[in-house]
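Below is one structure, written out as structure tokens, with a few remarks after it.
Rule-based calculations on the coordinates, nothing more; no lab input. Computed from a predicted model, the values in this text were never measured in an experiment. Methodologically, a virtual Cβ is constructed for each residue, glycine included, from the backbone with ideal geometry; neighbour enumeration extends over all protein chains shown.
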Amino acid sequence: MYFVSPSKVDDLPDSLPDQAYCLIISAPDDLKDLKVALASIAKRNPAWLAVDCQDPVSATLAYRLVAELLESAGSRIPLVLYSRPGKRKDLARAVDAHASQELEENASLYRTSIHSGGLLLEGIGDGILVESSDASSAASMALDLLQTTRIRLYRTEYISCPSCGRTLFDLQETTARIKSKTGHLKGVKIAVMGCIVNGPGEMADADFGYVGSAPGKINLYRGKEVVRKNIPSADADQELIDLIREHGMWQDP
């Protein structure tokens, strides 16, 4: 990946082996050169494009502007959301250097999550690239972002109500139990709702719903339609599995 400020793109060779570019935005004036820089990069047939800006607010604005310019130009250059650890003055007081580095790594991952997650929800970004000494945490965060923003579902997604006086079973215990039996179903969305008063309306676009209908009784939903009513709680987990299997979405663990 070649790091270059927008005003210096034309100084790069016409042909580069990697053909991935990261525009360095270090001052507001750099944004003025984006349109010309993107046109120059487009001629080089890049593999993808990213933006490097340590200030999250400025980075968000820069990515929005880049996305807008690419769209207006009809360009299909993949836009990758890039983040790397930055130095924070508020960590300078840390006594232990290792502790300071660990704090900064965690803070960097949190900032990336907030910054990139917001952009992904706006439909901006074709990928995520995070530089971190903790590769496992960075990869996990990137996958969680893709899952949360529903760009790519790589595990089961659960939707649950916040619980209230109408809840007809232990919501946390029941959800944990259902997760233990269905957590391997990639891309399946399951709602666990405590009652039929608000539950069906809060299930959003769940594929299946597990909803308390009366004390000790469960209704099962396929989408927003009730398909099995007043199932004894003791049988409801298996009935849910059978329902998922009937619709071709079950996989053996």
remark   = By Cβ neighbour count within 10 Å, fewest first, 221, 154 rank 154, 221
key: C-alpha long axis of helix 171-182 to longest principal axis of the chain, angle in °   = 80
inquiry  = Just to be sure I follow the rule: in the chain, considering lysines 8 or more places apart or on different chains, how many pairs have Cα atoms under 27 Å apart?
reply    = 21
inquiry  = Restricting the calculation to Cα positions, tell me the Rg (one decimal) and the Dmax (whole number) of the range 2-45 in Å.
reply    = 9.9, 30
Considering only the range 157-246, percent of DSSP beta bridges that pair antiparallel, nearest 5 = 60
Antiparallel content of DSSP bridges confined to the chain, in %, to 5 = 35
task = Please report, in cubic angstrom per residue, the volume enclosed by the convex hull of the alpha-carbon atoms of the chain.
result = 190
remark   = Long-range amide H partners of residue 131, meaning residues 5 or more apart or on another chain whose placed amide H is closer than 5 Å, are 83, 84
remark   = In degrees rounded to 10, the 0-90 angle between helix 56-72 Cα long axis and the longest Cα principal axis of the chain is 90
query = Cα gyration tensor of the range 157-246, axes a ≥ b ≥ c as square roots of the eigenvalues: rounded (a/c below 1.5), prolate (a/b > b/c) or oblate?
reply = rounded
